[in-house]
Amino acid sequence: MRSSCPISRSLDILGDRWTLLVIRDLMFFGKNQYGEFLASPEGISTNILADRLKNLEQVGIISKEAYQHNPVRYTYSLTSKGKDLQPALAALFSWGLEHVENSIPPDQSLLKLQD
C-alpha cells in the first residue's frame, strides 16, 4: 500500500524537476505555449514536455485551450489548484537563493505574476 503522507502524495505529482519548472514558467514568466516552454534555458526535451503538460492537465493543475485548429495548438494556464502552489514555489525560490551556491534571481522585468 502506498503512503498516505501528504508530502509523499504531493511528490507523486510534483516530484520531478521538469514539472516544477513548467509550473514556474506558467506562474512567474507568463509562458503559456509549447514553444515558449521549450525555449526555457533548462532545455526540456519535447517528449518530456508533452508528458508533463499531459500529466499536469490530468491532475487539474493546468488547463489547455486551443488557440489554433489546423494544426491544433494550445495555450496553457494554471487552474486555481495550480495557483495554490505559489507559496510553495516562492519558498523554494527563497531557500535556493539562501542555500544554493550560484543561485541568482531572474531579472525582475521578466517576472509576470498571475492573479
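The values are calculated or read from the model by the stated rules, or taken from the named source; none is laboratory data. Nothing here was measured: the structure is a model prediction, and the numbers come from that model. All Cβ positions, glycine included, derive from the backbone under ideal geometry; neighbour counts span all protein chains shown.
Before we move on, is PHE28 modelled with pLDDT under 95 and surrounded by 14 or more Cβ atoms within 10 Å (Cβ to Cβ)? Judged against the criteria, PHE28 is a match. Among the residues of the range 35-54, those that are within 13 Å of the chain's Cα centre (by Cα), surrounded by fewer than 17 Cβ atoms within 10 Å (Cβ to Cβ) and modelled with pLDDT of 95 or more comprise GLU36, LEU38, ILE48, ALA50, ASP51, LYS54. Restricted to the range 95-115, and to residues there that are exposed (fewer than 12 other Cβ atoms within 10 Å of the Cβ) and either part of a helix (DSSP H, G or I) or in contact with a strand residue (DSSP E or B) (Cβ under 6 Å, 6 or more places away or on another chain) (or both), the residue that is modelled with the highest pLDDT is HIS99. Output the residues belonging to the range 1-59 that are of a type in the set (Ser, Thr, Tyr), touching a residue at least 12 places away in the same chain (Cβ under 8 Å) and assigned to a loop (DSSP other than H, G, I, E, B). Once the filter is applied, which keeps residues that are of a type in the set (Ser, Thr, Tyr), touching a residue at least 12 places away in the same chain (Cβ under 8 Å) and assigned to a loop (DSSP other than H, G, I, E, B), the range 1-59 yields only SER40.
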